[in-house]
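For reference, the structure is listed below as structure tokens.
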Amino acid sequence: MSPQEIIERALELSTADDTVVIVDETSSANLRFAGNTLTTNGVTRSSQLTVISIAGRGVGVVSRAAARPEQLADIVAAADHAAEDARPSEDARPLVEGAQSADWREAAEPTSIGVFGGFAPALGETFATAEAGGRRLYGFAEHLVTTTFLGTSTGTRLRHTQPTGRLELNAKSPDMRRSAWTGVATRDFSDVDVASLDASLATRLEWAKRRIDLPAGRYETLLPPSAVADLMIYLYWTAGARDAMEGRTVFSRPGGGTRVGDTLCPLPVGLGSDPAAPGVECAPFVVAHSSSRQSSVFDNGLPLAPTGWITDGRLASLLQTRHSAELTNLPVTPATDNLIMTGPGNGRSLDEMVASTERGLLLTCLWYIREVDPQSLLLTGLTRDGVYLVENGEVVGEVNNFRFNESPVGLLGRVTEVGASEPTLPREWSDYFTRAVMPAMRVPDFNMSTVSQAS
């Protein structure tokens, strides 16, 4: 049965008051390499069926991987029974009615190993260059395509195909003492310049030949787009309106309510999402496999529009379901699967920011990020694969790693420069969130709380 046939049959079988059926067809292709040699490659395919039954205000959700047609009746019956036994859902709202995708009847679009047709030969040439230069390259390239089919008992029939690609590349010296990382996100690998990425890693390994030990402390620090992405994505994930309204987060107003309208940054920065943003396009409608404090199964199929989370430095919106929007008396602004940060005017490149730095640190990426205090959004984590000392506009060597303690919201309040925005891959969250466009940032007093022995 096709995904569309599965959805129609499940809707027919359900005895619930309303039903939502989601089918996710996913295919992936990957290349993995170590020591300048391709080690493995492969292609996989998977299918996930989610049936959401609604009885009155009760909700039952059953999800199965690789469900066979003969199992469909049992899966739907299990969801119906779960809905009948469920407590009333406070977020219950009428389902979206009649939303239609023009390509609803088209089949899923799988990826294949052919997506690497132009990339793989370039990678082989880069291996040879790295070997000649005394570098060992490690990493992987991965491409996924997920086609989501969403159907409801109220006539909604929506379809979206989402390509997601990433390359993570790590270069090491022959003695394995020096290491540098870079990564890129891509939709189809046609825009990946692996030779240029290797050249940047070669430069960083040269910087690392001189080692400089520094104590913990607050340093002027240049955060590259990847590190900024990791921090801003965490900010975004925690910007739920319901939690803010209940006084749980940094976005809660003392005395009650949310901080929407408050200035978070002295510079007119923007942080937003747009499902149609070039290069980071994503689903233009809500897909909710289950309800949470920031999402609602009742909102499935709700159209997504460009949303400013931070506008001109002010908190403009929070993640909203229709239910939380009624509680906060703010517009409905559901989560969108991309994040874009912009600075004031035409920002400088990271190289230009380095050239204007008298003395400071240049990070590569952040790692093992964990939340310490939700009230201030204090995060802790480690630096990794290269922290460099900049003096008089030049990188003079590599310094030791640090553990940091910083709040993304606190950083926004102290940032002194925001560079040019560019597509980037977050190091920490690359398994979950790849569609990011971020600038580099200059922070005058980034808190390197302790020296880390990580290498």
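Each peptide among 255-262, 204-211 gets the average number of other Cβ atoms lying within 10 Å of its residues, and from highest to lowest they stand as 204-211, 255-262. Which percent, nearest 5, of DSSP beta bridges in the chain are antiparallel? Around 95 percent antiparallel, to the nearest 5.
Largest accessible area first, the residues 264, 327 order themselves as 327, 264 under a 1.4 Å probe with ligands, DNA and RNA left out. A cut-off of 5 Å between modelled amide H atoms, ignoring neighbours fewer than 5 places along the same chain, links residue 155 with 98. Electrostatic bookkeeping for residue 48 treats Lys and Arg as +1 and Asp and Glu as -1; over the other residues with beta carbon under 11 Å from its beta carbon, the sum is -1.
Using a probe of 1.4 Å, the accessible surface attributed to residue 399 totals some 0 Å² when neighbouring protein chains are kept in position.
Plugging the Kirkwood radius over Cα pairs into Stokes-Einstein for region 269-386, at a temperature of 37 °C and a viscosity of 0.692 mPa s, what D comes out in µm²/s? For the chosen part, D equals 191 µm²/s.
Assigning unit charges at the beta carbon (Lys, Arg +1; Asp, Glu -1) and nothing else, what dipole magnitude in debye, to the nearest 20, does region 1-92 show about its Cα centre? Result for region 1-92 is approximately 620 debye, rounded to the nearest 20.
Dipole magnitude for region 96-159: about 100 debye, using +1 per Lys or Arg Cβ and -1 per Asp or Glu Cβ, origin at the Cα centre. In this structure region 153-208 gives 39 Å² per residue of accessible area when probed at 1.4 Å with all protein chains present. Ranking 111, 221, 58 by how far each Cα lies toward the positive end of the dipole of the chain (charges on Cβ) leaves 221 at the top.
Around the Cα centre of region 176-256, unit charges on the Cβ atoms of Lys, Arg, Asp and Glu (plus for the first two, minus for the last two) sum to a dipole of about 400 debye. Applying the Karplus relation 6.51 cos²θ - 1.76 cosθ + 1.60 with θ = phi - 60° to region 112-120 yields 3J(HN,Hα) values of 7, 5, x, 4, 9, x, x, 6, 4 Hz, where x marks Gly and Pro.
Whole-Hz Karplus values for region 177-185 come out as 8, 10, 9, 9, 10, 8, x, 9, 9 Hz, taken residue by residue from phi with 6.51 cos²θ - 1.76 cosθ + 1.60 and θ = phi - 60°; glycine and proline positions read x. Counting only protein heavy atoms and using a 1.4 Å probe, the accessible area of residue 289 comes to about 70 Å².
Which percent of the accessible heavy-atom area of region 344-415 goes to carbon and sulfur, probe 1.4 angstrom? Roughly 45 percent, rounded to a whole number. Of the residues 354, 43, the one with the largest accessible area comes first in the ranking 43, 354, computed with a 1.4 Å probe on protein heavy atoms. Sequentially through region 191-197, phi angles give Karplus couplings (6.51, -1.76, 1.60; θ = phi - 60°) of 9, 8, 9, 5, 5, 5, 5 Hz, Gly and Pro residues having no value and appearing as x. I'm spelling it out carefully: the read-out is percent of Cα pairs over 39 Å apart, the candidates are (1) 15; (2) 28; (3) 21, and one was derived from this structure. Which label? It is the value labelled (2). From the alpha carbon centroid of region 1-55 to that of region 260-328 is 25 Å.
Relative contact order, whole percent, for region 327-455 stands at 28, derived from Cα pairs under 8 Å and 6 or more residues apart. Residue ranking by accessible heavy-atom surface, 1.4 Å probe, largest first, among 125, 90 comes out as 125, 90. Based on protein heavy atoms only, region 251-407 ends up with 40 Å² per residue of surface accessible to a 1.4 Å probe.
The values are calculated or read from the model by the stated rules, or taken from the named source; none is laboratory data. Given the structure is predicted, the values throughout are model-derived calculations rather than measurements. Heads up, the Cβs are rebuilt from the backbone with ideal geometry, glycines too, and the neighbour counts pull from every protein chain shown. Surface accessibility is based on the protein's heavy atoms, side chains included, excluding ligands, DNA and RNA. Shrake-Rupley method; radii C 1.70, N 1.55, O 1.52, S 1.80 Å.
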